[in-house]
Amino acid sequence: MRPSWYPVLWVFLPALLAGFLLFGVAGRDAGRAQGPVSWRQGVMAPNGDAGLRFMTAEGGFAARQGLGLRMVAFDDETLMFKALMAGEIETLEGSPSQAMIATSKGGDLKIVGCSRPKLGLSFFAHQGIGSLSDLRGKTIGISAPGAMPELVARAMLGRVAIELRDVKFVELGNDADRVRAVAARKIDATVAASDFAAHTELGLKNLAHANDILPSFVSDCIVTRGDLWRKRFDDLVGLLAATMNAYDHALTHKADTVGLARRIAKLPAADPMPAANFDEMISNRSISPTLELDITKLLWLRDFLADERLIDADFEPGTMIDRSARERALARIKGP
């Protein structure tokens with residue numbers, strides 16, 4: 001025999017279920033109402049491109065996606081990747097080559113979008129060097145072994161048949177440190193951001209623009225850990241949507257972008273680098289506001305790393321690429 005209260009339960013059960021559902025939604029909304037979700041993104045030390053790199057956080061675009069985004073600057077890209085894998089940051093904007101190398105050694109990383117499909121770097125030397133071919137036997141400054149400046153230098157030197165044993169690499173800090181060392185003739189050359197050429201007083205010789213020689217070399221991608229991709233996917237989508245909106249704004253508002261670069265990098269008003277960087281990014285189409293993922297270029301990068309014996313030739317980049325977060329982000333910014 002059913003209890004006497006059994007029919008009453010069926011009367012009130014729908015209302016109880018609705019109440020629980022509303023409570024759950026209200027709880028999530030209340031959590032959001034308490035403040036934005038914390039998110040940390042690694043970037044390289046700010047220079048003339050700081051207006052572009054920091055617009056997502058400083059322009060309010062991350063906040064509109066419910067994220068409290070803090071940019072964490074690094075002088076050394078290898079340290080930035082170590083910080084990501086240690087859980088000290090949630091994402092980074094950096095070299096996909098480092099991501100591939102780390103993943104091939106057992107790391108669990110995901111490339112979710114690429115912001116800079118082209119290199120905005122140049123091979124600088126002092127006036128005593130005539131061409132790339134003249135770098136045989138010379139000293140070249142890098143930030144750290146395996147980081148972007150060294151990898152690009154190795155690739156560019158390979159195009160003029162100069163091998164690793166033919167040059168000497170020395171670690172000398174970030175772009176600004178290395179460029180000053182070239183100007184002072186403490187080293188012979190370095191790979192650094194092309195906009196340092198705007199400092200004509202340094203007397204740098206631009207031996208070659210990296211993108212002219214290495215058109216398939218992807219500069220920067222958004223990289224995260226596999227565990228975060230699985231557990232915080234919606235927040236990751238929000239970051240990508242914010243990044244897309246931020247780059248779109250930055251590329252169409254030069255004054256805002258240049259002004260932000262000066263503030264973040266603490267550059268004087270007369271410093272020509274922010275404007276030079278902006279103009280170069282526009283003219284070379286070096287930024288992808290949609291964070292395009294070109295598997296062809298990433299396969300080229302895999303082959304280059306394999307030739308340099310930094311990765312196995314059979315490593316498959318596709319296993320660490322996620323397109324779904326980017327697609328969700330694109331749909332979010334386009335709206336219904």
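Taken together, the values in this text are just the output of simple stated rules run on the coordinates, not laboratory data. Computed from a prediction, not measured in an experiment: that's the story for all the values here. All Cβ positions, glycine included, derive from the backbone under ideal geometry; neighbour counts span all protein chains shown.
Taking the Cα atoms only, what angle lies between the long axis of helix 295-307 and the longest principal axis of the chain, rounded to 10 degrees? For helix 295-307, the angle is close to 50 degrees. Placing unit charges on the Cβ atoms of the charged side chains and taking the dipole of the chain about its Cα centre, the candidate lying farthest along the positive direction among Ala184, Phe233, Ser286 is Phe233. Peptide packing for 109-116, 79-86 was compared via the average number of neighbouring C-beta atoms within 10 Å per residue; ordered from the highest value, the list is 109-116, 79-86.
Lysine pairs in the chain 8 or more apart or on different chains: how many have alpha carbons under 14 angstrom apart? Don't skip to the answer; put the middle values down first.
Values: Lys82/Lys105; Lys110/Lys231; Lys118/Lys297; Lys138/Lys168; Lys138/Lys186; Lys168/Lys186.
Lysine pair count for the chain: 6.
The ellipsoid equivalent to the alpha-carbon distribution of the range 164-205 has semi-axes of 19, 10, 10 angstrom, derived from the gyration tensor eigenvalues as √(5λ) and listed largest first.
Viscosity 0.692 mPa s, temperature 37 °C: give me the Stokes-Einstein translational D for the chain in µm²/s, with Rh taken as the Kirkwood radius over C-alpha pairs. Translational diffusion coefficient: 152 µm²/s. Counted residue by residue at 0.36 nm each, then reduced by the alpha carbon distance between them, the extension gain from Lys231 to Leu164 reaches 19.9 nm.
Taking label points 7 Å from Cα along the Cα-to-Cβ direction, Leu299 and Ile333 give a separation of 2.7 nm. Expressed as a fraction of 2.2 N^0.38 Å, the value expected for a compact globular protein of N residues, the C-alpha radius of gyration of the range 121-213 is 0.93. Computed from the C-beta positions of Ser131 and Ala306, the FRET efficiency with R₀ = 25 Å rounds to 0.35.
Computed about its Cα centre, the charge dipole of the range 230-310 is approximately 320 debye, with only Lys, Arg, Asp and Glu carrying charge at their Cβ. Label-to-label distance for Ala86 and Asp212 is 4.0 nm, based on points extended 7 Å past Cα in the beta-carbon direction. Each of the peptides 41-54, 187-200, 125-138 was scored by the mean count of other Cβ atoms within 10 Å over its residues; in descending order, highest first, they stand as 41-54, 187-200, 125-138. Extension gain for Glu201-Asp108 works out to 29.0 nm (0.36 nm per residue, less the C-alpha to C-alpha distance).
Counting only other residues whose beta carbon sits under 11 Å from that of Asp134, what net charge do I get with K and R as +1, D and E as -1?
After counting each charged neighbour, the total is +2.
Simple rule: put +1 on each Lys or Arg Cβ and -1 on each Asp or Glu Cβ in the range 121-213, find the dipole, and look at Thr200, Ala144, Asn211; the Cα lying farthest toward the positive end is Ala144.
The angle between the Cα long axis of helix 148-158 and the longest principal axis of the Cα atoms of the chain comes to about 50 degrees, rounded to the nearest 10.
Might you report the magnitude of the Cβ-based charge dipole of the chain about its Cα centre, with Lys and Arg at +1 and Asp and Glu at -1, to the nearest 20 debye? Don't skip to the end; give the middle numbers.
Values: 40 positive and 40 negative charges, 154 e Å.
Charge dipole of the chain: 740 debye, to the nearest 20.
Extension gain, Arg64 to Arg185: 0.36 nm times the residue separation minus the Cα-Cα distance gives 38.8 nm.
Where nothing but the Cβ of Lys and Arg (+1) and of Asp and Glu (-1) is charged, how large is the charge dipole of the range 121-213 around its Cα centre, in debye to the nearest 20? Each step should come with its number before you reach the end.
On the way: 11 positive and 11 negative charges, 56 e Å.
With only Lys, Arg, Asp and Glu charged at Cβ, the dipole is about 260 debye.
For the chain, the longest principal axis of the C-alpha atoms and the axis of helix 6-33 are separated by about 30°. In the chain, the calculated helix contribution to ellipticity at 222 nm averages -14000 deg cm²/dmol per residue, counting -39,500 (n - 2.57) for every DSSP H run with n ≥ 4.
Determine one quarter of the surface area of the Cα convex hull of the range 56-101, which equals its mean projected area, and express it in nm² to one decimal.
On the way: hull surface 14.8 nm².
So the mean shadow area of the Cα hull is 3.7 nm².
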